[in-house]
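The values are calculated or read from the model by the stated rules, or taken from the named source; none is laboratory data. Here the structure is a predicted model, which is why all the values come from computation and not from measurement. Here the Cβ positions follow ideal geometry from the backbone for every residue, glycine too, while neighbour counts run over all protein chains shown. Keep in mind that these areas ignore ligands, DNA and RNA; they rest on the heavy atoms of the full protein, side chains included. Shrake-Rupley method; radii C 1.70, N 1.55, O 1.52, S 1.80 Å.
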Amino acid sequence: MKAPLSWLREFVSIDTRIGELGPRLALTGTEVERISPVGVPGDPENLSRFVVGKVLACDRHPNADKLSVCKVDVGEASPRTIVCGAPNVAAGQTVAVVLPGGTMPDGTRIRDAKLRGVESSGMIMSEAELGLAAKSSGTMELPPSWEAGELLSHYFAIADDVLEVEVTPNRPDCLSVRGLAREIAVITGAAFDEDLRFTHPWGDRPIDADIFIEVRDPDLCPRYAARVIRGVTVADSPLWLKAKISHAGMRPVNNVVDVTNYALWALGQPLHAFDLRTIRGGRIVVRRAFPGEKITTLDNQDRVLSEDMLVIADAERASVVAGIMGGIDSEVTNDTTDVLLEAANFAAPSIMRTSSALGLRSEASTRYEKGLDREMIPVALDMACKLLVEVCGGEVSVGTIDVRTEPLPDVVIGLRTARVEATLGLAIERDEMADILTRLGCMVLADGNNLRVKVPTFRIDLEREIDLIEEVGRIHGLDVIPSTLPARREGRGGLTAFQAARRKAEDLLAGCGLVETINYSFGDGRWGDQLRLDATDPRRRGLPIANPLSIDQSVMRTMLLPGLLQTARANISVRETRVHIFEVGRVFRPVGSQLPEERTHLGILLSGQWDEGSWLNTGISVDYFLGKGILERLAQGLNVELHYAPAEEPFLHPGKSAALSDRQGRTVGWLGEIHPSVLQEFDVRSESVIVSEIDLDTFLEDCAGATMFKDLLAYPRVEQDLALVVDAAIPSSVVVVELRVAGGELLEEVRVFDVYEGPQVGEGRKSLALRLSFRSSERTLSETEVNEIRSLILAKVSARLGAQLRA
C-alpha cells in the first residue's frame, strides 16, 4: 500500500518528521517497508524553480527544423528565451517551466545552455518529465487562469514522500489513505478528520428510468449499489488528480477511471464505471456465471468462467468478473457520455477463489478478498459523484439503487480492566483504554470499572475481548511493557528423550566430519522414476501440493534421498567434490484422505575423498565400509544395536547395500552405494556415492538412554576363537545374534574377524571366524565354566542354524 504524505495530510495533521513516522508505525504493527521521495526534490529552493509560464511568442529555430524558440513570461521583469523541442508548443499556451538551477525527478540539473546557436534559459516541461505519465507527445498545457510566475507546487504536488506500508491481512481498513491516516492519528495523537460528508448537485431524471438492478446471489453479494451520471465529458484528468494517483503508484487513464481509482485509494472501497450505453436491456444482473461462460477482461484476455464465479451481467452477457476486473465491452472510452457507477460488497472467499482460479489479481480483488466495510459504499459513491461532476461535468440522476441483505448486527464487546492488566502485565488506567479505543473509531461506554465497546463496521478483525486488549497494548506501546517471566507453577524447561537423542545423533555425525544440510520438504513428482522405484512402492505416492510454485516443487517428499542427491549435484557442479553431508527432517506418507503420516528421518550422503587435500592426505575415497563405520559410531554413541542384511533397494548398487534393523528385528533403514544409472538420472558426476536413510522415530525407540557403568578391571575377560561353517545364505549378523542369545549374560561380546568361502568348506557354505569374549562381574571365570558355555552355545547354534565347528 502506497500513501503519499500530501494525501495523508488531507485527513490528519502530521507534525511528526517523516523519518520518525516509520519506526512509530512499525511498533504498533504496521510495517513501513520504505519511505520514497517521488517527483522533483522537495526542498524549498528547488521547488521555487518550477513555475507557471505564459508563451508570448513561438518561432521556428533558425538552425533546426524540430526546435522552436519561445518567449516565455515567468513572472519576471522580462520574458525568458527558451528553446523547446515539443511539436505542440504554441504562442498563447500556459506551460510548466523549470528555471536554471532546478533539479528534475531523474536528477538532471537544468542550466543555461546554447542550443544550435540560440541561448536557452530554462525548459518547458511535459507530463512525462514531471513523472505524471509514462510518455508524452508534447508540452504539458496548464489552465489559462494560472498566473505566470506562480509556483507549480501551489496547484498540484510536484514533490512528495510516499509511505510504502505492508498491511497485514486482518487490517483491510488500512488499505486506504484514510485508514492509514487514522492509524497515524491514533499513534501520534494528531487530529483526525472524521467528516465523511460529500455533497454534489442532483439532476432531474430519476435513476429508475436509467437502470434496473437484480441481485440473484445475495450470498456472494450482500450489497450492490449504483448511481448514474449523464452528460459527462471523458478527457484527461486535471493535474492535481494525475499527480495524486501517479504518486500512489497508479497509471492515469482518463478522468472517469481516475476518479474511481482516487476513491478506491482514498477510502478503500473499489468502484467500477460502466458505459451506460453498452448495458443491454437496461438492467444489471448480479449472478453466478454459467458453466463455460466467456468474458474478455480489460487486460484483453479471454477468460472462461465456472459456475462458482460471480459476474456482473446485463440482460444478455457477463460484463464484469465481480470484484476483480471489468470487461472490455463495457469500459469507459472517449465516446462515453453516460456512466453507471457501481459500488458493491462481495463475499471474500468467493473473490479469493475466483482470483486464484483465473490467475488474475487487481487492486480491487486485493481488498475484497480480505473483507470490506459494507457501510462505506454510500460514502464512496458520494465522493466519486462529487468528483465526477467537478472534473467531468454531467448530472447525477436522482436517487441510489441499493440492493442489500439485512445489515450486520452491532458488535459489542465487554472489556475487563483486570483482564487487560493480567494479559499485558501492565496496569493501564480505564480512561486511557477508553481514549485509545475511541480514537480507533470505537464507541465506548463505562460499565462500572469495566468498559462496553461497540466496534466500528470497518474493523472486522475485532471480535473478542482479547482483540481489544491487543489494540490497547499496541497503541499504549508494546515497547513499554516490562519483561517478566510467565506466571506458572513449574518453570523448568528441557528436552524430551527423543529431542535429546536426536540432538546427540546430530552432534555425533558432526563429530565424524559431516556437515548438516536442510533441503525443501517438497520436491519433484518424477523422483520415483529417477530412483527406479516399483510402481507399487508407497514412496512413489507423494502428497501433491494444491498450488505449487513449480513442477520441481509439486509434491511433499517421502524420502530425504532425492534432496541429498540434488545437494550433492549442486556442490559437485562447482568442483566441491568432497560432499559429506547429513540431514534430519520430516517425510510425509499419504494416508488415504486423512492428513499424511509424518516421520522424522536421518539421511547421510558421502562422495569424493575422505581426507581434505594436504600433504597428510591418505588418498582414501569414501566407500560402503566407511559409511558403515559412521553408522556404527552413531549406533554406539546412542546405545543402539544395528544389524545388517542384504538390501533390495532398486536405487542401490547390488552387493554394496544393506538393510538396517534394530535388536527387535524391526527395519529402520538402509545403507549402500547409489546405482550408477541413478547417479546419471540426477546428474551427479561422481564415481561413488554412499548414502543411508534411517527412520529416527523407530531407531531411537531402541535408544538405551544413559550409559551404565561397567567394571572392566576387577575380573578379567576370557577370550576364545572358533570357526563355524554355515550356509552361505545366512548373514553373519544372524549368527552373531544366535550366539549372544545362547551365551547368556556371561558372553560379553561376539565379533567376526574373518570369512572364508572355498573348496575346504564345500559349495554353498562359508566359514566364519569368531572371537567370543566372556566375563563375569562377580568372579573370575574358570576354563571349565567357559568350555561348558561354549559347548552349550555350539549345540544351540547347530540346532537352529545347522552350524558346524570347523576342524
Query raised in the report: How many angstrom lie between the C-alpha centres of segment 502-564 and segment 646-669?
Result: 18
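Using mean Cβ contacts within 10 Å as the protection proxy, how do 401-412, 527-538, 167-178 order, highest first?
On the way: 401-412: 12.8, 527-538: 14.5, 167-178: 20.9.
Highest mean packing first, the order is 167-178, 527-538, 401-412.
So how do 97-109, 473-485 stack up, highest first, on mean other-Cβ count within 10 Å?
Numbers: 97-109: 17.1, 473-485: 11.9.
Packing order, densest peptide first, comes out as 97-109, 473-485.
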**Report entry** Distance between modelled label sites at Lys71 and Gln720, nm, 7 Å Cα→Cβ extension
**Finding:** 12.8
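Assuming R0 = 56 Å, what is the FRET efficiency of Phe625 and Leu478, from their Cβ-Cβ distance, to the nearest 0.05? Spell out each step's value before the answer.
On the way: r = 58 Å, r/R0 = 1.04.
It comes out at approximately 0.45.
Between Glu166 and Arg663, what length in nm is gained on full extension when 0.36 nm per residue of separation is reduced by their alpha carbon distance?
173.4 nm
Please report the net charge: other residues with Cβ closer than 12 Å to the Cβ of Gly326, K and R +1, D and E -1. Mind showing how you got there, number by number?
Details: positive: Arg303; negative: Asp275, Asp299, Asp329, Glu331, Glu342.
Residues near Gly326 contribute -4 overall.
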Report task. Positive end of the charge dipole of the chain (Lys, Arg +1 and Asp, Glu -1 on Cβ, about the Cα centre): tell me which of Ile630, Val259, Phe274 has its Cα farthest that way. Result -> Ile630
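Counting only other residues whose beta carbon sits under 15 Å from that of Glu597, what net charge do I get with K and R as +1, D and E as -1?
Numbers: positive: Arg539, Arg541, Arg557, Arg586, Arg589, Arg599; negative: Glu598, Asp695, Asp697.
Neighbour charge sum, excluding Glu597 itself: +3.
Compute the convex hull volume of the Cα atoms of segment 16-151, divide it by the residue count, and report the result per residue in Å³ as a whole number. Kindly include the intermediate steps, with their values, before the conclusion.
On the way: hull volume 18.1 nm³, N = 136.
Given the Cα convex hull of segment 16-151, per-residue volume reads 133 Å³.
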Query - 26 Å Cα-Cα reach of Lys71 towards lysines, excluding residues that sit fewer than 8 places from it in its own chain - result: Lys54, Lys114, Lys135
Report summary line: Quick calc, Val737 & Ser356: beta-carbon distance into FRET formula, R0 41 Å, rounding 0.05, result 0.10
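Solvent-accessible area per residue for the chain at a 1.4 Å probe radius, Å²?
On the way: 40020 Å² over 807 residues.
Averaged over the residues of the chain, the accessible area is 50 Å².
Per the Cauchy relation, a quarter of the hull surface: what is the mean projected area of the convex hull of the alpha carbons in segment 385-432, in nm²? Don't skip to the answer; put the middle values down first.
On the way: hull surface 31.9 nm².
Projected over every direction and averaged, the Cα hull of segment 385-432 covers 8.0 nm².
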Report summary line: Once both label points are put 7 Å beyond Cα along the C-beta direction, the Ala64-Arg109 separation in nm becomes 2.2
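Are there DSSP H segments in the chain that both extend 24 Å or more along their axis (alpha-carbon positions) and score a mean Kyte-Doolittle hydropathy of at least -1.0? List them, or say none. Numbers along the way, then the final one.
Values: long enough: 783-801 (26 Å, 0.17).
Once both thresholds are applied, what remains is 783-801.
Using 0.36 nm per residue, how much length does the chain from Glu316 to Thr457 gain when fully extended, once their Cα-Cα distance is taken away?
That works out to 47.2 nm of additional length.
Give me the percent of the accessible area of the chain that comes from carbon and sulfur atoms, probe 1.4 Å, all protein chains in place.
Details: 19860 of 40020 Å².
Exposed carbon and sulfur together represent 50 percent of the surface.
What Kirkwood radius, in Å to one decimal, follows from the Cα pairs of the chain?
Details: mean 1/r = 0.0289 Å⁻¹.
Final number for the Kirkwood radius of the chain is 34.6 Å.
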Report task. Quickly work out the Thr618-to-Ser136 label distance, labels modelled 7 Å from Cα along the C-beta direction, and quote it in nm with one decimal. Result -> 7.7
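Could you tally the net charge around Leu196, taking each other residue with its Cβ under 15 Å from the Cβ of Leu196, Lys/Arg +1 and Asp/Glu -1? Don't skip to the end; give the middle numbers.
Values: positive: Arg178, Arg182, Arg197, Arg374, Lys386; negative: Glu10, Asp173, Asp193, Glu194, Asp195, Asp373, Glu375, Asp382.
Computed value for this residue: -3.
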Query raised in the report: Within straight cross-link reach of Lys294, meaning Cα distance under 18 Å, which aspartates and glutamates are found once same-chain residues fewer than 8 apart are removed?
Result: Asp302, Glu307, Asp308, Asp314, Glu316, Asp329, Glu331
Report summary line: With +1 on the Cβ of every Lys and Arg and -1 on the Cβ of every Asp and Glu, the dipole magnitude of the chain about its Cα centre, in debye rounded to the nearest 20, is 780
Query raised in the report: For segment 482-583, what's the radius of gyration and Dmax over Cα atoms, in angstrom?
Result: 19.3, 60
Query raised in the report: Once the principal axes of the Cα atoms of segment 273-330 are found, what is the range along each, listed largest first in whole angstroms?
Result: 27, 22, 17
Report summary line: For segment 411-551, whose charge dipole is built from +1 on Lys and Arg Cβ atoms and -1 on Asp and Glu Cβ atoms, the candidate among Leu426, Val453, Leu533 with its Cα farthest towards the positive end is Leu533
Query raised in the report: Which of the aspartates and glutamates could a cross-linker span from Lys244 if the Cα-Cα distance has to be under 17 Å and same-chain partners fewer than 8 positions apart are dropped?
Result: Glu10, Glu127, Glu129, Asp160, Asp161, Glu164, Asp236, Asp258, Glu363, Glu390
Report task. Give Lys2/Lys242; Lys628/Lys796; Lys628/Lys656; Lys242/Lys370 a once-over and call out the pairs whose C-alpha atoms are over 18 Å from each other. Result -> Lys628/Lys796; Lys242/Lys370
Query raised in the report: What FRET efficiency do you get for Arg541 and Glu33 if R0 is 45 Å and r is their Cβ-Cβ distance, rounded to the nearest 0.05?
Result: 0.60
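Among 787-794, 564-571, what's the highest-first ranking by average C-beta atoms within 10 angstrom per residue? Write down the numbers at each step before the final one.
Numbers: 787-794: 15.4, 564-571: 20.4.
Per-residue Cβ counts within 10 Å, averaged per peptide and sorted highest first, yield 564-571, 787-794.
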